[in-house]
1. In terms of the ratio Rg/(2.2 N^0.38 Å) built on C-alpha atoms, what value belongs to the range 81-151?
2. Using only Cα atoms and rounding to the nearest 10 degrees, what angle (0 to 90) does helix 291-308 make with the longest principal axis of the chain?
3. Which value in nm describes the separation of the simple spin-label points at VAL12 and GLN28, placed 7 Å from the Cα toward the beta carbon?
4. Considering only HIS29, LEU239, ILE258, whose Cα is most displaced toward the positive end of the charge dipole of the chain, charges sitting on Cβ of Lys, Arg (+1) and Asp, Glu (-1)?
5. Based solely on its DSSP helices, what 222 nm [θ] is calculated for the chain when runs of n ≥ 4 H residues each add -39,500 (n - 2.57) and the sum is averaged over all residues, nearest 500 deg cm²/dmol?
6. Might you report the magnitude of the Cβ-based charge dipole of the range 194-295 about its Cα centre, with Lys and Arg at +1 and Asp and Glu at -1, to the nearest 20 debye?
7. Could you list the GluC sites (Glu not before Pro) in the range 62-123 that lie in coil according to DSSP, counting only those with at most 16 other Cβ atoms within 10 Å of their Cβ?
8. Taking the Cα atoms of the chain, report the difference between the largest and smallest coordinate on each principal axis, in whole Å and largest first.
Amino acid sequence: MVNTKNKSIIFVKRPEDYPVAGEHFVLQHTQLAPHLEDGDILTRNLYLSLDPYLRGRMDGIEGAYVPCFYLGKPINGYGMGEVIQSKNPRFPVGSLVFGVITWEHFSLIPPAFNNLIILPAAVRNSKVPLSWYMGALGMTGLTAYGSLKLYGNLKPGETIFVSAAMGAVGHLVGQMAKRQGLRVIGSAGSDEKVKILLEELKFDAAFNYKSGKPIVESLREACPEGLDIYYDNVGGEHLEAALEVLKRHGRVVVSGMIDDYNRPVPYHIKNLVLIFQKRIKIEGFLCLDFEKELWPSFTEDVTKWLLDGDIICKEEITEGLENAHEAFAANLKGKNLGKGVVKIADL
């Protein structure tokens, strides 16, 4: 193979709090001269998904549910690519694939690290934007869909509170709950985000948790009769407030705790006693728990909802691999409106 110029986002230093582009991960120019072994594929990468769970992989903790990042190696995460060379009969040249790829222009993927899904050939000419496979039609959407279906036990007329409601998962959770007849409340970190929740996504109530008012006060004002379900993307003070406002036998579905991801010391929740006093059920999950089981129905249902306009996919697309690390750092600080995506190349 002729040598090919490559660019990579390399992880170079473990952060103690928020990662900084240029300090903890850097762009490097490299030469890609892969010798494909049996089972290998080479992809030309098109899109990257910016996901908060990647922050936990920077801490160097071995044995977690996903491998940690190693210094001097490329960042990797969910993305989409086109197979341009293959020694794997499962992945013909020209296939569009989705799964874990490296943050590079080109990825050499051996069979031991290949969990890629081949997207249907019709995707190339579909009305569905390819970027949606990083969000509403990717692991983000499956997270929202599967967790509500399996753990939410949703009932029409109930009230659900979604934290980080303008985030990648939160804005989908709220809309999916709304279409099932629930009253939906969301929190977000700016007045602009609150306006989008109310006017575009049709949440029943929303508040800016950075307004200076205690979260628990804002939540009580939004649902004076109490909460049935709290969908937790944040943890910390949001979880503490939700425990106060949840009704007896309330449910908490824990998708993430981004408030603690960048804290040297986790937030100390002071009212955990309410869990048993109110008989509150708290359940965490990983998308991996139901990926294979629900992928077909998820793809069918959510594609239809999107094309019919029942739900909206809010996304913020950053152009260029060279900007991926800055976009990821900004996402961790809540600067994104919806799903953060990096576009590397056109199909």
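1. This ratio for the range 81-151 stands at 1.23.
2. 80 degrees
3. Between VAL12 and GLN28, the label points sit 0.9 nm apart.
4. LEU239
5. Helix contribution divided over all residues of the chain: -7000 deg cm²/dmol.
6. Details: 14 positive and 17 negative charges, 69 e Å.
Magnitude of the dipole: close to 340 debye.
7. Qualifying residues, ordered by number: GLU62.
8. For the chain, the Cα extents along the three principal axes come out at 67, 43, 35 Å.
Every number here is computed from the coordinates shown, using simple stated rules; none is lab data. Bear in mind that the values here come from a model prediction, so they are computed numbers and not experimental data. As a convention, Cβ positions derive from the backbone with ideal geometry for all residues, glycine included, and neighbour counts pool all protein chains shown.
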